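The values are calculated or read from the model by the stated rules, or taken from the named source; none is laboratory data. Computed from a predicted model, the values in this text were never measured in an experiment. With ideal geometry, Cβ positions are generated from the backbone for all residues, glycine too; neighbour counts draw on all protein chains shown. For the accessible areas, the whole protein counts, side chains as well, though only heavy atoms, and no ligand, DNA or RNA atoms are used. Shrake-Rupley method; radii C 1.70, N 1.55, O 1.52, S 1.80 Å.
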Amino acid sequence: MTRAVATPEAIFKRIGYRFRDQDLLTEALTHGSSDAGERDYQRLEFLGDRVLGLVIAEYLFRAFPDRGEGELTALHSSLVRRESCAAAGDTIGLAELVIVGAGERAKGMNLNRGVLGDVMEALVAAVYLDGGFEEARSLILRSWEEQLSMPRPAVKDSKTFLQEWALGRSLPIPLYSVISREGPEHEPVFVGQVDVKDRAPAQGTAKSKRAAEMDAAEAFLKREELRS
C-alpha cells in the first residue's frame, strides 16, 4: 500500500483541524484498493453526505433570504454534488492524501474526481465524529468558501431535477406515463404525463416518449415554480 506522505501535523495545517483519533482520519482517507486491511471511507462517506447537506442548506437559507424553495434546492444540489466535493478537496490538496494501492496510485486513482468527492465527504464525517458538528461546519465553510461566494445552480434536465426535488421531501419517485400517441408512424406525437404524490399531474408533448416525459417534467416545474 502507498500511504499519504503528509504527517498528521501537515494535515492539520491543511484542513485546520487536529484529530484526536488518528484511526478515523486514516479510515476517511483510505480507498478500497488499499491492501493494508484498513477500513475504507465508504461508511464515513454516507454520514458525511448528510452532514454536508445540512451545513450547506443552513448556509443557503441564511445567506439568501429572498430566494424561493426551488432556487435554494437548485443551489444546494450544485454545491453537494461530487464535482463540488472534489473541488473542495482541491483546496486542501486532497489528492496527495488519499491512501490507495500502489498500482492504483500509478494509474492516477487518487486523482479521480469521483474518488476525491467521496473522500472529501468522508473527511467531513470524520471531523464530525472526532470533534463535533461545529468543527465539521467550519471545515465545510472553509473548503467550500469560493464556491459559496458565487453559488450557481447545476444545469440538470427536468426529470433529474424533479426526481431530486421529490426524494429530498421523502416523496415517491415521480411516475411517468404516455397518455396518447397520435400522428403517422414516421412522425408520431406523444403526450406524456408525470404524477407526483399530492400534486396535480402535468403533461407534455413531443415526438418521442422520452422527450414527452421531459416536457411533462418541465411543465410541472414551471407550474409549481420550482425552477426559474
(message) For a quick check: with amide H placed at 1.01 Å from N, whose amide H comes under 5 Å from Thr30's, ignoring anything fewer than 5 positions away on the same chain?
(response) Tyr41, Ile99
(message) What is the percent carbon and sulfur in the accessible area of region 159-228, measuring with a 1.4 Å probe over the protein chains and ignoring ligands?
(response) 51
(request) Round to a whole angstrom and tell me the spacing of the C-alpha centers of region 49-89 and region 118-182. (result) 6
(request) Provide, in order from the shortest bin, the percent of all Cα-Cα pairs of region 47-145 in each 10 Å bin, continuing until the bin that contains the maximum pair distance. (result) 16, 44, 28, 9, 2, 0
(message) Return the equivalent ellipsoid semi-axes of region 151-202 as a descending list in whole Å, where each equals the square root of 5 times an eigenvalue of the C-alpha gyration tensor.
(response) 27, 16, 7
(request) Calculate, for region 117-228, the solvent-accessible area per residue in square angstrom, rolling a 1.4 angstrom probe over the heavy atoms of the protein chains. (result) 54
(message) Charges on Cβ only, +1 for Lys and Arg, -1 for Asp and Glu, centred on the Cα centroid of region 127-215; of Leu148, Ser158, Ala212, which one is farthest towards the dipole's positive end?
(response) Ala212
(request) Give the Cα extents of the chain along the principal axes, in whole Å, largest first. (result) 68, 43, 27
(request) Using a 1.4 Å probe over the heavy atoms of the protein chains, calculate the carbon and sulfur portion of the accessible area of region 1-117 as a whole percent. (result) 51
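What does the highest-first list of 176-185, 135-144 look like by mean Cβ count within 10 Å? Intermediate results must be reported in sequence, preceding the final value.
Details: 176-185: 11.6, 135-144: 20.2.
Order by mean packing, descending: 135-144, 176-185.
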(request) Please tell me the relative contact order of region 65-152 in percent, rounded to the nearest whole number, where contacts are Cα pairs under 8 Å and at least six residues apart. (result) 34
(request) Return a whole-number percent for the relative contact order of region 1-111, with Cα pairs under 8 Å and 6 or more residues apart as the contact set. (result) 39
